[in-house]
Amino acid sequence: MRRPFIAANWKMNTTVDEAVSLVNQMLQELNGFNSVDRVLCPPFISLQAVGNMLKRTEIGLGAQNMYFKEKGAFTGEVSPLMLKDLCGYVILGHSERRQYFAETDALINQKIKAALTAGLIPIFCIGESLEQNEAGKTGDVLSVQVKGGLAGVDADDGIVIAYEPIWAIGTGRAATGIKADSTIGFIRDTLGSIWGKDRADSTRILYGGSVTGANIEEFIKQPQIDGALVGGASLKAAEFVSIVRQTALVKS
Ligand code: 13P
């Protein structure tokens, strides 16, 4: 019912040449797994070059951030209208944006609405810190992030949600499949409380945080987990292809 979805978040890695080379290494194999939605999110500067390489494929392209204004005096920012010409997706609310660039739920909400207005599909990230997790506050934190980020957002917009516990990002300390599944089940229930059960049941929710070729199966075989948002392992062509291949096998 929910198509599996694997996205690569390259974060602030790769020059344009390196991005092109990375896509060259994975493109042919990646192109073979059409039962999985695959989305590459390179840095802004490589969107055009990578987009050209993906043109005759069904592989999607996404940005990693965006401002919510259409245009104007916002030095250094990139607008939804600029992205719309280049790609179909945009990662919003990533914990690194929240942590290092002080993004709030209210700002992320404005960005999500602006992305949808422009016809971009947000990959909306949420997740708790280690302290919040250890204090038993995961549910409260996620509920505030979901309700704040999605205030006034229509369920029909096709938004994709990524649950990325901060303590699992880039640490090699992934959540367990069972724990991630139950937390994502909680997120789906929270979505149900705002959008109704049917819409919540059709929304894709990904897991992110130290996903690799060695552990993807543990996540993807869980009923609530529809895919993954992959950081470090998406910078290695063979490993990212392996993640997509295993997803295609398990979810088919
Ligand atoms: P890692 O896969 O490197 O832990 O990063 C996860 C992430 O933040 C993806 O957005």
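Any read-out appearing in this document is the output of simple, stated calculations on the displayed coordinates, not a laboratory observation. The model shown is predicted, which means the values in this text are computed figures rather than measured ones. Backbone-built Cβ (ideal geometry, glycine too); neighbour counts: all protein chains shown.
Observations on the model:
- Cα-based reach from LYS251 at 19 Å (exclusive), listing aspartates and glutamates while leaving out same-chain residues under 8 positions away: GLU29, ASP37, GLU58, ASP181, ASP201, GLU217, GLU218, ASP226, GLU239
- Order of ASP181, ASP189 - criterion: other Cβ atoms within 10 Å of each residue's Cβ, fewest first: ASP189, ASP181
- Stokes-Einstein diffusion for the range 125-252, with the hydrodynamic radius set to the Kirkwood value over Cα pairs and evaluated at 20 °C in a medium of 1.002 mPa s, equals 144 µm²/s.
- Look at LEU81, LEU61, LEU92 and count the other Cβ atoms within 10 Å of each Cβ; fewest to most, that gives LEU81, LEU61, LEU92.
- Applying the criteria of a DSSP loop state and at most 16 other Cβ atoms within 10 Å to the chymotrypsin sites (Phe, Trp or Tyr not before Pro) of the range 87-130 yields PHE101.
- Rg/Rg_globular for the range 1-122, with Rg_globular taken as 2.2 N^0.38 Å and Rg from C-alpha atoms: 1.07
- Cβ-based exposure ranking for LYS137, LYS71, LYS55, in which fewest neighbours within 10 Å come first: LYS55, LYS71, LYS137
- Straight-line cross-link partners of LYS71 among the lysines, defined as a Cα under 29 Å from its Cα and at least 8 positions apart when in the same chain: LYS11, LYS55, LYS84, LYS111, LYS113, LYS147.
- Estimated [θ] at 222 nm from DSSP helical runs (n ≥ 4, -39500 (n - 2.57)) normalised by residues in the chain, nearest 500: -13000 deg cm²/dmol
- For the chain: Kirkwood Rh in Å [reciprocal of mean 1/r, alpha carbons]: 18.0 Å
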